[in-house]
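The values are calculated or read from the model by the stated rules, or taken from the named source; none is laboratory data. Bear in mind the structure is a predicted one, so any value in this text is a computation, not a measurement. Glycine also receives a Cβ, built like all others from the backbone with ideal geometry; neighbour counts cover every protein chain displayed. SASA here: full protein model, heavy atoms, side chains in, ligands and nucleic acids out. Shrake-Rupley method; radii C 1.70, N 1.55, O 1.52, S 1.80 Å.
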Amino acid sequence: MTELQGKVAIVTGGSKGIGAAITRELASQGVKVAVNYNSSKESAEAIVNEIRENGGSAIAVQADVSYADQAKHLVEETKAAFGQLDILVNNAGITRDRSFKKLGEEDWKKVIDVNLHSVYNTTSAALGDLVEAEAGRIINISSIIGQAGGFGQTNYAAAKAGMVGFTKSLALELAKTNVTVNAICPGFIETEMVMAIPEEVRANIVAKIPKRRFGQVNEIARGVVYLVKDGAYITGQQLNINGGLYM
Ligand code: NAD
């Protein structure tokens with residue numbers, strides 16, 4: 001039994017990459033997890049089965065969180081299955097990298113919608129329940145790119161910086177409640193997306209990271225558990241898990 005036993009979490013985009021690691025880490029703490037996915041049904045069902053086989057509770061919920069009605073459906077399904085909601089992890093994200101000159105309005109809007117507008121949608125739908133919870137937690141997975149910028153990433157950087165501003169403002173508004181709101185800003189994490197970068201380019205990136213390696217998905221997931229478990233006096237913050245790349 002851990003102190004998180006029986007708590008209920010939603011992890012958006014929780015079936016792959018960093019989201020899957022967060023799902024697994026929360027489940028290992030006894031948290032019941034709603035694993036949100038948009039199109040990756042198979043990986044969502046696989047992780048749900050894995051958690052159940054290990055004695056935990058999880059459900060897979062399809063929802064494109066860039067749409068308000070689908071985000072609302074996600075929260076409703078979670079409550080119907082588990083009766084409460086304590087933790088919201090806004091992890092769903094995409095990139096559509098283009099230099100600004102080539103960036104069309106569609107790629108601008110899509111990245112803002114999936115990374116940032118989704119945070120408004122899920123938070124709006126979940127807030128009433130999080131405020132009712134004994135210790136509500138909102139954790140927004142932002143990025144080092146929102147802090148330092150990234151070539152060809154004006155859309156992504158704007159969305160991720162937007163998440164940080166949102167986090168600070170909502171933390172202020174909710175400070176009088178039991179809900180804390182924080183962001184995690186990962187650096188380069190060893191996911192499929194990062195490992196798809198050509199080896200030579202990857203070597204150049206690693207050379208610039210003070211810790212001389214990429215981060216692991218578990219290192220982000222453990223940051224989430226830390227904020228959930230021990231974060232009662234931590235709100236409005238950015239937890240930088242980046243090997244020292246941005247200080
Ligand atoms: P990923 O592509 O493996 O995971 C993203 C998840 O979001 C996927 O499961 C995807 O299906 C889901 N998703 C995408 N659009 C969605 C939508 N409209 N509705 C619901 N789910 C949707 O990528 P990842 O590397 O695991 O990234 C997870 C988060 O961490 C993202 O927000 C990303 O921006 C952020 N991040 C990643 C890194 C890195 O190095 N990998 C660094 C900094 C920040």
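Observations, loosely collected:
- Distance between the pseudo-spin-label points of ALA175 and ASN218 (7 Å out from Cα toward the beta carbon): 3.7 nm.
- Along its first, second and third principal axes, ordered by size, region 122-247 spans 50, 28, 25 Å in Cα coordinates.
- Each principal axis of the Cα atoms in region 129-177 has its own extent, and those three values, largest first, are 42, 15, 13 angstrom.
- Computed over region 7-102: relative contact order in percent, which uses C-alpha pairs under 8 Å that are six or more apart: 34
- In nm, spacing of pseudo-spin labels at ALA232 and ILE205 (7 Å Cα→C-beta vector): 3.9
- Taking only protein heavy atoms and a 1.4 Å probe, the accessible area of the chain is 50% carbon and sulfur.
- One Cα centroid belongs to region 214-238, the other to region 79-108; the line between them spans 19 Å.
- Rg to Rh quotient for region 1-122, alpha carbon positions, Kirkwood Rh: 1.03
- Computed over the chain, Cα set: Rg, Dmax in Å: 17.1, 54
- Computed magnitude of the charge dipole of the chain (debye, nearest 20; Cβ of K, R +1, Cβ of D, E -1): 720
- Counted residue by residue at 0.36 nm each, then reduced by the alpha carbon distance between them, the extension gain from TYR120 to GLU132 reaches 2.4 nm.
- Averaging Cα coordinates gives a centre for region 124-203 and one for region 9-60; these two points are 19 Å apart.
- Reciprocal of mean inverse Cα separation for region 147-204 (Kirkwood radius, Å): 13.8
- Listed residues PHE100, PHE166, PHE82, most fluctuating in the chain (Gaussian network, C-alpha, under 10 Å): PHE100
- Counted as membrane-span-like here are DSSP H helices of the chain whose alpha-carbon atoms extend 27 Å or more along the helix's own axis and whose Kyte-Doolittle mean is -1.0 or above; these are 154-174.
- Rel. contact order, % - alpha carbon contacts under 8 angstrom, at least six apart, region 130-247: 32
- Potential extension, ALA80-ASN49 segment - 0.36 nm per residue separation minus Cα distance: 9.2 nm
- Over the chain, relative contact order from alpha-carbon pairs under 8 Å, at least 6 apart, %: 19
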